[in-house]
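Values in this text are rule-based calculations from the coordinates and carry no lab data. Predicted model only: the values in this text are computed from it and were never measured. Cβ sites come from the backbone with ideal geometry, for glycine too, and all protein chains shown count toward neighbours.
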């Protein structure tokens, strides 16, 4: 058996084929897995547990069916779906986990992150992230009507797209020193993360010891996943 890792699906009614791919995963390979980890941005936007859009219902039901089949599902919020809460857990049977989290993956302590906090060179993004993760901002957002939340999400998405177009790619990628510091802080030699949409397996050195950084792919082109078992990990890039 294996453990599966995915991230950056960005499920949305605008891309029904991605929802279909996700449902197939939950009905097929994931049913045989020891666990499924979703490391952020499962949805293009999550407006709050009280504001599940109709297009998202089938994905929620697919997660619920998977967890009811006995497969544990662990979800880390990303920069698009950070308003997930306890009701999301109740709806899906999944468990929300902190960013970062360390797990024992077949005998190897492994650090799991969404990955956006590693992009420290992108100062503008980090400032926005700090703002929207502030409890006061979250409370104000959840106090809005659903229509207001949709409008706010669209505005933020437009701003994000404009920022992406105006920012060099290397600025938006992870900072090497931030990666090293994270591995050193948690005392591990393997890191799995998403966010950057640059699937790859990177070898590096941390304090003279070999380490590995595995970057998950997004789902825009194909269903990307990482499959790990006692023999190692295999990345299927998107």
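Here the Debye sum runs over all C-alpha atoms of segment 129-220 as equal scatterers in vacuum, and log10 of I(q)/I(0) at q = 0.19, 0.21 Å⁻¹ comes out as -1.01, -1.07. Judged by the mean number of other Cβ atoms found within 10 Å, the most tightly packed of the peptides 146-154, 118-126 leads the ranking 118-126, 146-154.
Largest first, the extents of the alpha carbon coordinates of segment 75-174 on the three principal axes equal 45, 38, 20 Å. All Cα-Cα distances of the chain, cut into 5 Å bins from zero to the largest, leave 1, 6, 14, 19, 20, 17, 13, 8, 2, 0, 0 percent in each bin in turn. Counting only DSSP H runs of at least 4 residues, each contributing -39500 (n - 2.57), and dividing by the residue count of the chain, the helix-based mean residue ellipticity at 222 nm comes to -11000 deg cm²/dmol. The listed peptides 131-138, 40-47, ordered by packing as a protection proxy, come out as 40-47, 131-138 (highest mean of other Cβ atoms within 10 Å first).
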